[in-house]
Amino acid sequence: MSSVELKIQRFDPERDAAPHWVNYTVPVEPMDRVLDVLTRAKELFDGSITFRRSCAHGVCGSDALMINGRNRLACKVRVEQLGKSISVAPLPGLPVIKDLVVDMDAFFGKYRSVLPFLVAEEPAGEGERHQTQEQRDRYDDTTKCILCAACTSSCPSFWAQPDYVGPAAIVNAHRFIFDSRDEAADDRLEILADEDGVWRCRTTFNCVDACPRGINITKAILEVSSAIGSRR
Amino acid sequence: MSGALRANASRTDIDAVVVGAGGAGLWAALELAREGIPTAVLTKLYPTRSHTGAAQGGVCAALGNVEEDHWEWHMFDTVKGGDYLTDQDAAEVLAREAIPAVIELERMGLPFNRTPDGKIDQRRFGGHTRNYGEGPVRRSCYAADRTGHMILQTLYQQCIKAGVKFYDEYHVVDLVFEGGEADKGGRCSGVVGYKISDGSLHVFRAKTVLLATGGYGRAWRVTSNAHSLTGDGMALAWRHGVPLMDMEFYQFHPTGIVGIGILLSEAARGEGGYLLNNEGKRFMESYAPKLMELAPRDMVSRAIYQEVRAGRGIDGKDYVYLDVRHLGRKVIEEKLPDITDFARVYQGVEPISEPVPIQPTAHYAMGGVPTNLNTEVIAGPDGSVVPGLFAAGEVACVSVHGANRLGTNSLVDLLVFGKRAGKRMAAICKSTQLPAARPGAETAVADEMAAMASRPEGVRPAEIRRDLAALMMDNVGVYRDEALLSAAVREIARLKGEYARVRVEDTGSVFNTDLLEARELGYLLDTAEATAVSALARKESRGAHSREDYPDRDDAKFLAHTMVWRGSDGAPAERIAYKPVTITIFEPKPRIY
Ligand SMILES: Cc1cc2nc3c(=O)[nH]c(=O)nc-3n(C[C@H](O)[C@H](O)[C@H](O)COP(=O)(O)OP(=O)(O)OC[C@H]3O[C@@H](n4cnc5c(N)ncnc54)[C@H](O)[C@@H]3O)c2cc1C
């Protein structure tokens, strides 16, 4: 077993006045991911090291963290991709609860604000609605979102203006705006035309880089803004 | 009281409590909201983090959108797949109600893949056949290989729309009973929740409580299950006198990533993927000539073990290959994108040009908290109901999966029985009064948790967890026998002894995951014990329970569900009873594919 230098930004609100870095030398296996290393540090050195985790294979979105300066899922980054030293901090721009755990309530509040659900008249009869594969492909990319917040918390516009609804919420609005079955596109576009809506996007592409699901977020945001434009 | 818990629990009275926000809990909550029942959903994870989101392959319903299909065929496959331990009245409900449930999901907005004429597309999946076993049928409805993700998202979206009240990151640490425990005629009257962000306790008094907490795959070392799947609901019910049913039937999915167990969905084989041994041979020919790679999971997992034992594992090791290369880049990238991504990220293997090393991985609990068809928890073989307590989803055992679940039938189970749970709970909420309050309902659990966080010395939870997971893998895995299982029962008792001295290092009250993981380890020990004890008692082989010392199915003695009760005061479980299987149409036959 070789080892890595793991640097964790730690903060315990019951003890610490401010966050600080703590270093650990952690043994690693060749295929280890950052999540494995965090878990091993917790087991070997200090049970109070705190982070969220669940599925451990990139589909639940619990363990989005800032790893070597970039927002990533800890369970999807292999240690060998990072070299000998790894730094792990909580997602930037969100209030820290403890160590690597951030408060997600405001993030989910923004998600809820864009009407993230199908709004449509109940179809007649008992059957399914029809949709062509092309109509479905129109919004396929944005159905992949796992609400991990890696994108929103990587966005300079969000850091500058925390009221900005943020990329994740726009992605989830996009998923419905471009669904042929949905009837509330206008309402969502209205919400996103607000001063804290899509216009705050400065197309820095940080979100695209951060997204662990490979969603082309900037493209989705641009499609939403041009839909707003064409409705004016 | 130690710093890990805050004094003074809050108290809330409400009609319904739903514990868990995976597919089962969310659909139940939605149904309750539709009926106007005041409901609290408590979940230790944000709802969208639930493991339902990991389901890849699909959800079966005999829609007949792409070829002829009938719910009776689906029912038959479910019964046969379950090696005739499936209760046939339950399988009928599952197969019939799958159809409106899937259609309702579409109407809620789920983005299914579509046929050329715009209908929900369907594909093949293991064990699902046409005309009572003639050959594979296209029954699985899917959204790429993200079906579970889309189900979870869609149901959560609808819950938001319906204004469901969520208590996110509340860990339910105990159930409250009134008038005695479940085995003494008591009624479930609520839950105790622990708010993770600040260590406060919250007692909810309720007319009805639903357990929808999912499975316990983390009892095994190699597993497809999330870290959070620790059998909480099963263990909590067990501690209050509810028996656990059919726990010996635990499914190993054939295609897990070697070493870490992350799942490569059966969809890979549904689309036409092969399993190859070190001679490059499609070895399923020798085990299930008709269905080949699409034989039920227990058979395929055993076949892999047999190949490995015969020295035909890759490089003589304990794995074989999943090969999708012949499907071509387009199919692989369009129909199996997540799976492809997993192989690339976690194994560094490129499925378009290389075969993928796989081995069986602990995946799914057929057993669990016993219920009737309306999801009411039952207290014993006579089917008497535990008032106030319900269970649905993987935590429950209805039993629709019998001795072995077919692929896609768990998602069906969540939809059909999640919905039934909501409906039944709503009816009961309308016709009953709140149970009497139980002062000090939280005291026992608060003391247990405080003790863990205030021991000056003791065993680290991680050590016990590691030993347990290795033990379950070696002794309570795909193949079992008397010696392995009795050793497992002894060893689990020893680990439980250690656990009594477990020590948590984090003594704070804010987001104390150290404490919660230790608590979860206790649940794992209980579910592991129930599994090993039930497996030892079942002296036959059926479905996922394969005894090398009793290789045949024994319908004369064991065509029955195992019910096991927890021992009192920490003593090992001993009390076992058997509940007859409900057979309505299909007489048990040998299971050949
Ligand atoms: C990788 C993978 C792929 C799969 N693919 C398929 C498939 O293609 N088709 C299929 O039919 N099945 C599939 N399955 C099985 C299926 O996904 C699961 O059985 C099913 O999703 C379980 O759903 P659930 O609602 O019972 O629980 P889960 O979705 O596991 O949710 C459990 C919930 O309970 C909560 N919880 C647990 N304990 C507590 C507690 N103490 N306090 C508060 N909350 C708690 C959690 O927060 C969570 O919200 C797959 C499983 C895996 C692991």
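Around A:A106, under 11 Å between beta carbons, what's the net of Lys plus Arg minus Asp minus Glu among the other residues? Walk me through the intermediate numbers first.
Details: positive: A:K110, A:R112; negative: A:D103, A:D105, A:D163.
Net local charge, A:A106 excluded: -1.
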Worksheet item: What part of the accessible area of segment B:443-548, given as a whole %, is carbon or sulfur when the probe is 1.4 angstrom?
Response: 51
Practice prompt. Any chance you could check the Cα centroid distance between segment B:457-519 and segment B:109-131 for me, in angstrom?
Written response: 42
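Using only DSSP helix segments of four residues or longer, with each worth -39500 (n - 2.57), what per-residue ellipticity at 222 nm results for chain A after dividing by its residue count and rounding to 500? Before the final figure, lay out the partial values.
Working: 8 runs with 69 residues, N = 232.
So the calculated ellipticity at 222 nm is -8000 deg cm²/dmol.
What fraction of the DSSP beta bridges in chain B is antiparallel, stated in percent and rounded to the nearest 5? Walk me through the numbers on the way to the answer.
Details: 49 of 75 bridges.
Once the DSSP bridges in chain B are tallied, antiparallel ones form about 65 percent.
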Fill in: Backbone HN-Hα couplings from phi across segment B:135-142 [Karplus 6.51/-1.76/1.60, Hz, Gly and Pro as x]
x, x, 10, 8, 10, 7, 7, 8
Worksheet, complete the sentence: Given backbone amide H placed at 1.01 Å from N, residues whose amide H is under 5 Å from that of B:A396, ignoring those fewer than 5 places away on the same chain, are B:V369
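Rounding to the nearest 20 debye, state how big the charge dipole of the protein assembly as shown is about its Cα centre with +1 on each Lys and Arg Cβ and -1 on each Asp and Glu Cβ. Mind dumping the intermediate values first?
Details: 98 positive and 111 negative charges, 99 e Å.
Charge dipole, the protein assembly as shown, about its Cα centre: 480 debye, nearest 20.
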Worksheet item: Taking the Cα centre of each part, how many Å lie between segment A:187-218 and segment B:388-437?
Response: 39
Discussion item. Which of rounded, prolate or oblate describes segment B:266-384 when judged by the alpha-carbon gyration tensor and an a/c cut-off of 1.5?
Written reply: prolate
Worksheet item: Sequence-distant or interchain residues sharing an amide H contact under 5 Å with B:V176, placed H: which?
Response: B:S189, B:G190, B:V191, B:V192
Response to the item:
Here the cysteines of chain A lacking a cysteine partner under 4.7 Å (Cβ to Cβ) are A:C75, A:C145, A:C148, A:C155, A:C201, A:C211
Worksheet item: Where does chain B land at 222 nm, in deg cm²/dmol rounded to the nearest 500, when only DSSP H runs of n ≥ 4 count, each adding -39500 (n - 2.57), divided by all residues?
Response: -10500 deg cm²/dmol
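Is the C-alpha gyration tensor of the protein assembly as shown telling us rounded, prolate or oblate? Criteria: a/c under 1.5 is rounded; beyond that, a/b larger than b/c is prolate, otherwise oblate.
Numbers: a/c = 1.23, a/b = 1.09, b/c = 1.13.
Here the protein assembly as shown falls in the rounded category.
Determine the sum of side-chain charges near A:S48: Lys and Arg each +1, Asp and Glu each -1, restricted to other residues whose C-beta is under 14 angstrom from that of A:S48.
Details: positive: A:R10, A:R15, A:K42, A:K98, B:R460, B:R503; negative: A:D12, A:E14, A:D16, A:E43, A:D46, A:D99, B:E505, B:D506, B:D514, B:E517.
Spelling it out: positives minus negatives among the neighbours equals -4.
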Worksheet entry | In order through segment B:584-593: 3J(HN,Hα) via Karplus (6.51 cos²θ - 1.76 cosθ + 1.60), integer Hz, x for Gly, Pro | 10, 10, 9, 5, x, 9, x, 9, 10, 10
Worksheet entry | Inter-label distance for B:T432 and B:Y479, nm, one decimal - labels placed 7 Å from Cα along Cα-to-Cβ | 4.8
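How much length is gained if the chain between B:I352 and B:A487 is pulled fully straight, taking 0.36 nm per residue apart and subtracting their Cα-Cα distance, in nm to one decimal? Show your work: numbers first, answer last.
Details: separation 135, 0.36 × 135 = 48.60 nm, distance 4.38 nm.
Stretched fully, the B:I352-B:A487 segment lengthens by 44.2 nm.
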Response to the item:
Ranking B:T147, B:T584 from most to least accessible area with a 1.4 Å probe gives B:T584, B:T147
Worksheet, complete the sentence: Across B:356-362, the residue-averaged tally of Cβ atoms belonging to other chains within 10 Å stands at 0
Fill in: Spin-label model distance (nm) - B:E457 vs A:N216, 7 Å beyond Cα toward Cβ
6.3
Worksheet entry | With all protein chains modelled, accessible area of B:T78 [1.4 Å, Å²] | 0
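For the peptides B:38-47, B:309-318, what is the packing order when you average, over each peptide's residues, the other Cβ atoms within 10 Å and list the highest mean first? If you can, show how the numbers build up before the last one.
Details: B:38-47: 24.4, B:309-318: 13.2.
Descending packing order for the listed peptides: B:38-47, B:309-318.
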Worksheet item: For B:K165, A:K7, what's the largest-to-smallest order of accessible area, 1.4 Å probe?
Response: B:K165, A:K7
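Give a quick list of trypsin sites (Lys or Arg not before Pro) in segment A:49-110 that DSSP marks as loop, anything other than H, G, I, E or B, with at most 16 other Cβ atoms within 10 Å. Don't skip to the answer; put the middle values down first.
Working: sites: A:R52, A:R53, A:R70, A:R72, A:K76, A:R78, A:K84, A:K98, A:K110; in loops: A:R52, A:R53, A:K76, A:K84.
Sparse-neighbourhood loop trypsin sites (Lys or Arg not before Pro): A:K84.
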Item to complete: Quick one: angle between helix A:167-177 and the longest Cα principal axis of chain A, in degrees between 0 and 90, rounded to 10, please.
Response: 30
Practice prompt. Between A:L82 and B:A537, with labels modelled 7 Å along Cα→Cβ, what's the label distance in nm to one decimal, could you check?
Written response: 4.7
Item to complete: Please find the FRET efficiency linking B:A577 to A:E121, where r is the Cβ-Cβ separation and R0 is fixed at 45 Å, and quote it to the nearest 0.05.
Response: 0.30
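Let me know the shape class of segment B:422-492, please: from the alpha-carbon gyration tensor, a ≥ b ≥ c as square roots of the eigenvalues, rounded when a/c is under 1.5, otherwise prolate if a/b is greater than b/c, or oblate.
Details: a/c = 3.71, a/b = 1.50, b/c = 2.48.
Verdict is oblate for segment B:422-492.
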Worksheet item: To the nearest 10 degrees, how steeply does helix A:34-44 sit against the main Cα axis of chain A, on a 0 to 90 scale?
Response: 40
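Quick one: buried accessible area between A and B, total over both chains, 1.4 angstrom probe, nearest 100 Å²?
Answer for the A-B pair: about 5300 Å² buried.
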Worksheet item: Are any of the pairs A:K144/A:K219; A:K110/B:K165; A:K144/B:K44; B:K290/B:K557 more than 19 Å apart by Cα-Cα distance, and if so, which?
Response: A:K144/B:K44; B:K290/B:K557
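Would you mind counting up the charge near A:D179? Only other residues with Cβ under 9 Å from its Cβ, with Lys and Arg at +1 and Asp and Glu at -1.
Working: positive: A:R136, A:R138, A:R175, A:R181; negative: A:D182.
Computed value for this residue: +3.
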Worksheet item: Other chains near A:8-17: what is the mean number of their Cβ atoms within 10 Å of each residue's Cβ?
Response: 2
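The values are calculated or read from the model by the stated rules, or taken from the named source; none is laboratory data. Keep in mind the model is a prediction, meaning the values are calculated, not measured. Note that each Cβ is placed from the backbone with ideal geometry, even for glycine, and that neighbours are counted across all protein chains shown. Accessible surface is based on the protein model in full, side chains and every heavy atom, while ligands, DNA and RNA are left aside. Shrake-Rupley method; radii C 1.70, N 1.55, O 1.52, S 1.80 Å.
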